[in-house]
Ligand code: FES
């Protein structure tokens, strides 16, 4: 994909996010804010007996990068195991977005991943 196509995809995910909403009685739930701007994301996930993510949703509010990254991330992690999700890193998110990001924007981009991983840590403490 060209850089313009990546940009367009980010805008599409921002305007029409995938897996946006909440899950009743989720196994994994967590929320966090980016302290520098106040953007927030909540993540919810259902985990099966093999520790695979069966369903995942997010909600929140903020900039195009934080919201589009969360939307792309939810598409990516469906069917992954919790271990696989924990191994995702900033570079994976950058790759999903496909555009150059300043350090400030990288923080926006990884907010969703930070929240999901925070939820997984909590889930594993309890199970
Ligand atoms: Fe706040 Fe992007 S400006 S997360």
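Observations on the structure shown:
- Spin-label model, residue 75 to residue 31: label points 7 Å out along the Cα-to-beta-carbon direction sit 2.6 nm apart.
- Helix-derived mean residue ellipticity, 222 nm - over the chain, DSSP H n ≥ 4, -39500 (n - 2.57), to 500: -16000 deg cm²/dmol
- Each listed q (0.16, 0.19, 0.23 Å⁻¹) maps to a log10 I(q)/I(0) for the range 24-94, found by the Debye formula over equal Cα scatterers with no solvent: -0.57, -0.80, -1.11.
- Arranged from fewest to most other beta-carbon atoms within 10 Å of their beta carbon, 117, 40 become 40, 117.
- With neighbours defined as other Cβ atoms within 10 Å of a residue's Cβ, the residues 46, 115 order from fewest to most as 46, 115.
- Convex hull volume per residue, computed on the Cα atoms of the chain, equals 98 Å³.
- Pair residue 91, residue 22: separation of 7 Å Cα→Cβ label points (nm): 3.8 nm
- Taking other Cβ atoms within 10 Å as a rough exposure proxy, 84, 76 sort from fewest to most as 84, 76.
- Between helix 3-15 and the chain there is an angle of about 50 degrees, using the helix long axis and the longest principal axis of the Cα atoms.
- The label point for residue 84 and the one for residue 1, both projected 7 Å from the Cα toward the Cβ, are 2.0 nm apart.
Each value in this text was obtained by applying a stated rule to the coordinates, not by laboratory testing. What you are looking at is a predicted structure, and each value in this text was computed from that prediction instead of being measured. Virtual Cβ from ideal backbone geometry, glycine too; neighbours counted across all protein chains shown.
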